[in-house]
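Take a look at the structure set out below.
The values are calculated or read from the model by the stated rules, or taken from the named source; none is laboratory data. Because the structure is predicted, anything quoted here is derived from the model rather than measured. Ideal geometry is used to build each Cβ from the backbone, glycine not excepted, and the neighbour counts take in all protein chains shown.
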Amino acid sequence: MAMRIVAETARLMGATRLIPIVSAHIDGALYHGDSGTLFAERLVAGGARTAVRATLNVGAIDLTGCSRNRLPPHELAMAGRMMTAYKALGCEPTWTCAPYQAGHRPRFGSQVAWGESNAVAFCNSVLGARTNRYGDFLDIACAICGRAPDYGLHRDENRRATVVVDVSQIDDAFLASDVAWPVLGTLYGRLIGEAIGVISGLAFRPREDLLKAFGAAAASSGSVGLFHVAGATPEAPDEVTALHWLPPVERIVVTDDMVRDAQRRLSTADRADRVDAVAIGSPHLSLDEFDALRRLLMGRSVVVPIYACTGRHVLRILERDGHRRQLEASGVIIVADTCVVVTPILPEQPGAILMTNSGKFSHYAPANTGYSVLYGSLSDCVESAVAGVPRFGGAS
Amino acid sequence: MTVFETEVLLSGPATTASALALTAPISFWGGVDPKTGVIADTRHPQSGQSIAGRVLLVPATVGSSSAAAILLELVHAGLAPAAMVLHEPDAILLLGLIVAKEMGWTTPIALRLDRDQFAALQGSQLDISEAGTISRRSETPPSR
């Protein structure tokens, strides 16, 4: 069945051959309804096993017990059966949307089959490994076959940037701040759609967590599977290399107005006078990001809970260092293995407002949680949680 | 009657249904409620409309790679579109139909048609043949 799925996709996409892959990241173990569970169990019943390293994206249940969800009994049981089935197929129970920060970093140029839009963008862009945007089912089918259809971003000629996105007009201090990158990512995704672009005109090399936030936002607002940042990502030592030495089809100069508009649109709440919850960690928080959270909290307790979503690879270290207890004592709810927009963890509350520093949460929270969103920096999020009302303008 | 010839991406039964032409790209995950088939993304121009039983015309998809899971769930729940018309083949989305076929469930036909043609079909009652011919029968206004 796995091979039929891979072959049918190859036909559909016009791929003339299958190529070997060295790893997979599986987005299929998140419960969206009984159908996905039935599919996974059909694979298990057929004796399927993964042929390559396969990490798992988030599931619908926090198996570490850090947080609780409100799934009704039937959904909870089916979501659990699904997670069990994917483990039975030989996948590693990493349960994170940031596998690249959990020790799964395929080599530059290697062929892989990754799912989860932010992980795909990171894998292609920041690691320089080669994957298409794998969807549920095809990712596990490729992992079982150890093969993937040869088309799209697996091929050199399709990785060329055709659009230059010039950010040289934007203030350097803003570009260096954590609040900028989800905004830029959202704007980039909307401008670029399915094309591949190279960000040009940056005066510094953004750190990994900024590129992670950018990719996640870009993959939410557009179909971004690969982006280049001149001077920062491995296929773009400079602009002309990312363009494969051909002239760009288009050059977009980003203006302050465009950035302000994108930032404004990340908030959907029509008022900024209350905040009912704060959510951070889409993609899952790294240790560095937890350090930043602890620095900003300065030992203070929060009035409004901060839901901090992460993977068990980070949770282990937080526990070892005593930080989990500290954070929980100050009112932070750590969410592991899953996150607040994929499973009902936030209390049901009509008209409630969620504050976040994540472009991806901002994009998906309104439809998936019913909360409207206020977007701010991590500092804004922490100060708002401590004060119990929205606070903007803190340093980031 | 106006006739449009399309390319069959994935086979499925002939059908008659009204067209819902999306005027903006859609993310199925977070954009369509798998329990109702209603477009849930409040930022989408067709927000609040149901895709169940319609001829869904998709100009482009964006966002999450879980689109196939939502489509599979819609098929399983009997809330899938009656037919899907895509501007270009989309592996992420169509996987939902490929897997549904593997599971032995009845799946809608999927066709390829240039999105420039979509506006001409909006809201109309369409006959779709197994060979992928779309015939527009009437000029019913788009439902709200």
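Only a single item in (1) over 18 Å from B:PRO13 (Cβ atoms); (2) surrounded by 24 or more Cβ atoms within 10 Å (Cβ to Cβ) is not met by B:SER47, and it is number (2). Entry remark, region A:1-42: residues being in contact (Cβ under 8 Å) with a residue 12 or more places away in the chain, touching a helix residue (DSSP H, G or I) at 6+ places or on another chain (Cβ under 7 Å) and assigned to a helix (DSSP H, G or I) number 12 in total.
B:ARG43 falls short on exactly one of the conditions (1) outside any helix (DSSP H, G or I); (2) out of contact with any Gly (no Cβ under 7 Å at 6 or more places or on another chain); (3) within 7 Å of chain A (Cβ to nearest Cβ); (4) of a type outside the set (Gly, Ala, Ser), and that condition is (3). In the set A:ASP156, A:ASP172, A:ASP178, only one residue is surrounded by fewer than 19 Cβ atoms within 10 Å (Cβ to Cβ) and under 16 Å from the mean Cα position of the chain (by Cα); that residue is A:ASP178. Scanning region A:262-275 for residues that are surrounded by 13 or more Cβ atoms within 10 Å (Cβ to Cβ) and part of a helix (DSSP H, G or I) yields a count of 3. Once region A:30-42 is narrowed to residues that are among the aliphatic types (A, V, I, L, M) and facing another protein chain (nearest Cβ under 10 Å), the residue that is nearest to B:VAL99 (Cα to Cα) is A:LEU38. Across region A:157-179, the qualifying residues are those that are part of a helix (DSSP H, G or I) and touching an Asp or Glu at 6+ places or on another chain (Cβ under 9 Å), and the one among them that is nearest to the other protein chains (Cβ to nearest Cβ) is A:ARG159.
Of B:ALA24, B:ALA80, B:ALA52, B:ALA110, all but one fail to be closer than 22 Å to A:SER220 by Cβ and not charged (D, E, K, R); the exception is B:ALA24.
Condition check ((1) outside the structural domain of A:ALA119 (by TED's automatic domain parsing); (2) surrounded by 19 or more Cβ atoms within 10 Å (Cβ to Cβ); (3) of a type in the set (Asp, Glu); (4) in contact (Cβ under 8 Å) with a residue 24 or more places away in the chain) across all residues:
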residue: A:VAL314; (1), (2), (3), (4): yes, yes, no, yes
residue: A:ARG320; (1), (2), (3), (4): yes, no, no, no
residue: A:GLN326; (1), (2), (3), (4): yes, no, no, yes
residue: A:VAL335; (1), (2), (3), (4): yes, yes, no, yes
residue: A:VAL341; (1), (2), (3), (4): yes, yes, no, yes
residue: A:ALA352; (1), (2), (3), (4): yes, no, no, yes
residue: A:PHE361; (1), (2), (3), (4): yes, yes, no, yes
residue: A:TYR364; (1), (2), (3), (4): yes, yes, no, yes
residue: A:VAL373; (1), (2), (3), (4): yes, yes, no, yes
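Within region B:82-90, one or more residues are within 12 Å of chain A (Cβ to nearest Cβ), out of contact with any Gly (no Cβ under 8 Å at 6 or more places or on another chain) and within 24 Å of A:TYR31 (Cβ to Cβ). Residues that are touching a strand residue (DSSP E or B) at 6+ places or on another chain (Cβ under 6 Å) and within 9 Å of another protein chain (Cβ to nearest Cβ) were ranked within region A:120-148; the one that is nearest to A:PRO234 (Cα to Cα) is A:VAL120.
Would it be correct to say that A:SER301 is in contact with a Gly (Cβ under 6 Å, 6 or more places away or on another chain) and on the phi < 0 side of the Ramachandran plot? Show your work before the answer.
Working: in contact with a Gly (Cβ under 6 Å, 6 or more places away or on another chain): yes; on the phi < 0 side of the Ramachandran plot: yes.
Here the answer is yes, as A:SER301 does meet what is asked.
A single member of A:LEU287, A:LEU293 is crowded, with 20+ Cβ neighbours inside 10 Å and farther than 17 Å from A:SER67 by Cα, and it is A:LEU293.
For every residue, the table says whether it meets (1) crowded, with 18+ Cβ neighbours inside 10 Å; (2) in contact (Cβ under 8 Å) with a residue 40 or more places away in the chain; (3) in a helix (DSSP H, G or I); (4) among the charged types (D, E, K, R).
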| site | (1), (2), (3), (4) |
| --- | --- |
| A:SER220 | yes, yes, yes, no |
| A:SER223 | yes, yes, no, no |
| A:PRO234 | no, yes, no, no |
| A:PRO237 | no, no, no, no |
| A:PRO247 | no, no, no, no |
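The sole residue among B:ALA120, B:ALA131, B:ALA69, B:ALA77 that is within 13 Å of chain A (Cβ to nearest Cβ), surrounded by fewer than 23 Cβ atoms within 10 Å (Cβ to Cβ) and aliphatic (A, V, I, L, M) is B:ALA77.
Considering A:GLY65, A:GLY28, A:GLY46, the condition of being within 23 Å of B:TRP105 (Cβ to Cβ) and out of contact with any Gly (no Cβ under 9 Å at 6 or more places or on another chain) is satisfied by A:GLY46 alone.
I'm checking my understanding of the structure. Among residues of region B:50-66 that are of a type outside the set (Ser, Thr, Tyr) and at the interface with chain A (Cβ under 9 Å from one of its Cβ atoms), which one is surrounded by the fewest Cβ atoms within 10 Å (Cβ to Cβ)? Full working, then the answer.
Taking region B:50-66 first, the residues of a type outside the set (Ser, Thr, Tyr) are B:51-60, B:62-63.
Imposing the further condition that a residue be at the interface with chain A (Cβ under 9 Å from one of its Cβ atoms) reduces the set to B:60, B:62-63.
Working: B:ALA60: 17, B:VAL62: 23, B:GLY63: 26.
That would be B:ALA60.
Taking the conditions exactly as written (in contact with a strand residue (DSSP E or B) (Cβ under 6 Å, 6 or more places away or on another chain) and either surrounded by 23 or more Cβ atoms within 10 Å (Cβ to Cβ) or within 14 Å of chain B (Cβ to nearest Cβ) (or both)), does A:ALA10 satisfy them or not?
Values: in contact with a strand residue (DSSP E or B) (Cβ under 6 Å, 6 or more places away or on another chain): yes; either surrounded by 23 or more Cβ atoms within 10 Å (Cβ to Cβ) or within 14 Å of chain B (Cβ to nearest Cβ) (or both): yes.
Here the answer is yes, as A:ALA10 does meet what is asked.
Applying the set (1) crowded, with 23+ Cβ neighbours inside 10 Å; (2) more than 19 Å from the chain's Cα centre (by Cα) to A:VAL163 leaves exactly one unmet item: (1).
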